[in-house]
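The block underneath contains the structure these notes are about, expressed in structure tokens.
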Amino acid sequence: MNKANGIAILALGLGLAACGGGNDAERTPAAAEAEKVAPTAGDLLDAAIAGAHRSDAERARDVFRNPKETLLFFSVEPDMTVVEAFPGGGWYTQVIAPYLKSGDGKLYAASYDPEGASERVLTALDTYRTTYVEAPELYGDIEMTVLNGEAPVAPAGTADVVVTFRNVHSWQGRGNEEAVFKTFFDALKPGGVLGVVEHRADGADLPRDGSSGYAYTDDVIELAQGAGFVFDRSSEINANPADTKDHPFGVWTLPPVRRTSEIRGDENPDFDRAPYDAIGESDRMTLRFVKPAPVDEALYE
């Protein structure tokens, strides 16, 4: 997709959202000014989601990922500083970054540590940088940081929201989940929001080490509370009751990965994919946590 076309269509969408209809020539300047309505967060998200920079394949996943509803549930505003944890290929970045650009917000993309990384990881990091960071005309202000449980994902106390999409099981597999959640806590301002979407193991009998790709809601809540967060509320925005969670290759049996073998890339042509494709993407928890404001001890003296 031509980036210039994407920018033009996104700008058009934002312009239409910002103005009322009718013929300006038939109204007085004062009346025309009074009829102008500032675009809402929902309007700006609609424009970002509808942007021509997103491919048809990426749009097809909206029904499972519900980006507008999810980001509104996490109270992401266009003028905020946001941390996206492990953005991967940038599916969510394509929505969040143009949205933040519309309000002069900032995005920190907290990803893999390039130090000692494999060629595959280095290539992925370079692709992300080229695609998003080096295209500020469409994606605005993006800064890449390291997420390893040690380095800060953003300067301390500067982020309004931290979001993570389907990553908790990865940190559980690495054994650094507690440290990762602590870096989120440190990055957020008091009152800031941590938004978590994760493949949900609830109702199944699965290991708690992330090996299935699923995590239990109570484990995620315990992790966040252990880092200092207060559990605020949950949503069923990203639920999929058709997901039985008993798949031969874990969550990766389902779309979009669609694995047919224990070994990544070693496809089994005889594997019957039909029942798993019919399920669609996984059942997901959507959890919202808040970093509490510090207590003013003087109030209790």
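Residues are listed down the side, and each one gets a yes or a no for (1) surrounded by fewer than 21 Cβ atoms within 10 Å (Cβ to Cβ); (2) at pLDDT 95 or above; (3) in contact with a Leu (Cβ under 6 Å, 6 or more places away or on another chain):
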residue	(1), (2), (3)
A52	yes, yes, no
S55	yes, yes, no
R61	yes, yes, no
K68	yes, yes, yes
L72	yes, yes, no
E77	yes, yes, no
V82	no, yes, yes
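I'd like to verify a number: residues in segment 81-91 that are touching a Lys or Arg at 6+ places or on another chain (Cβ under 8 Å) and either part of a loop (DSSP other than H, G, I, E, B) or among the acidic types (D, E) (or both), how many?
If we filter segment 81-91 for residues that are touching a Lys or Arg at 6+ places or on another chain (Cβ under 8 Å), which is where we start, we get 81-82, 91.
Then drop every residue that is not either part of a loop (DSSP other than H, G, I, E, B) or among the acidic types (D, E) (or both), which leaves 91.
Within segment 81-91, residues that are touching a Lys or Arg at 6+ places or on another chain (Cβ under 8 Å) and either part of a loop (DSSP other than H, G, I, E, B) or among the acidic types (D, E) (or both) number 1.
Take the conditions surrounded by 14 or more Cβ atoms within 10 Å (Cβ to Cβ), in contact with a Lys or Arg (Cβ under 8 Å, 6 or more places away or on another chain), on the phi > 0 side of the Ramachandran plot and not aliphatic (A, V, I, L, M) and apply them to G192. Does it pass? Spell out how you get there, then give the answer.
Numbers: surrounded by 14 or more Cβ atoms within 10 Å (Cβ to Cβ): yes; in contact with a Lys or Arg (Cβ under 8 Å, 6 or more places away or on another chain): yes; on the phi > 0 side of the Ramachandran plot: no; not aliphatic (A, V, I, L, M): yes.
No; evaluated as a whole, the condition is false for this residue.
Test G226 against the criterion of being within 23 Å of R65 (Cα to Cα) and touching a residue at least 40 places away in the same chain (Cβ under 8 Å), and give yes or no. Break it down stepwise before answering.
Working: within 23 Å of R65 (Cα to Cα): no; touching a residue at least 40 places away in the same chain (Cβ under 8 Å): yes.
No.
Hand me the list of strands (runs of 3 or more DSSP E) wholly inside segment 96-180 holding 1 or more residues that are of a type in the set (G, A, S). Please lay out each step first, then the result.
Values: elements: 106-111, 141-146, 159-165.
In segment 96-180, 106-111, 159-165 are the strands (runs of 3 or more DSSP E) which contain 1 or more residues that are of a type in the set (G, A, S).
Filtering segment 256-288 down to residues that are aliphatic (A, V, I, L, M) and without any contact (Cβ under 8 Å) to a residue 40 or more places away in the chain, which residue is nearest to D218 (Cα to Cα)?
Filtering segment 256-288 for residues aliphatic (A, V, I, L, M) gives 257, 263, 274, 278-279, 285, 287.
With the extra rule that they be without any contact (Cβ under 8 Å) to a residue 40 or more places away in the chain, the set shrinks to 257, 263, 274, 278-279.
Values: V257: 26, I263: 30, A274: 32, A278: 28, I279: 24 Å.
Here the residue is I279.
Do we find that A25 is surrounded by 15 or more Cβ atoms within 10 Å (Cβ to Cβ), more than 21 Å from P136 (Cβ to Cβ) and either at pLDDT 95 or above or not basic (K, R) (or both) in this structure? Walk me through how you get there before you give the answer.
Numbers: surrounded by 15 or more Cβ atoms within 10 Å (Cβ to Cβ): no; more than 21 Å from P136 (Cβ to Cβ): yes; either at pLDDT 95 or above or not basic (K, R) (or both): yes.
In short, no.
Output the number of residues of segment 116-135 satisfying the condition of being in contact with a Pro (Cβ under 7 Å, 6 or more places away or on another chain) and surrounded by fewer than 14 Cβ atoms within 10 Å (Cβ to Cβ).
1
Can you say whether V83 is in contact with a helix residue (DSSP H, G or I) (Cβ under 7 Å, 6 or more places away or on another chain) and aliphatic (A, V, I, L, M), as far as the supplied structure shows?
Values: in contact with a helix residue (DSSP H, G or I) (Cβ under 7 Å, 6 or more places away or on another chain): yes; aliphatic (A, V, I, L, M): yes.
Answer is yes for this residue.
The values are calculated or read from the model by the stated rules, or taken from the named source; none is laboratory data. Note that this is a predicted model, so its numbers are computed, not measured. A quick note on method: Cβ atoms are made from the backbone with ideal geometry, for glycine too, and the neighbour counts reach across all protein chains shown.
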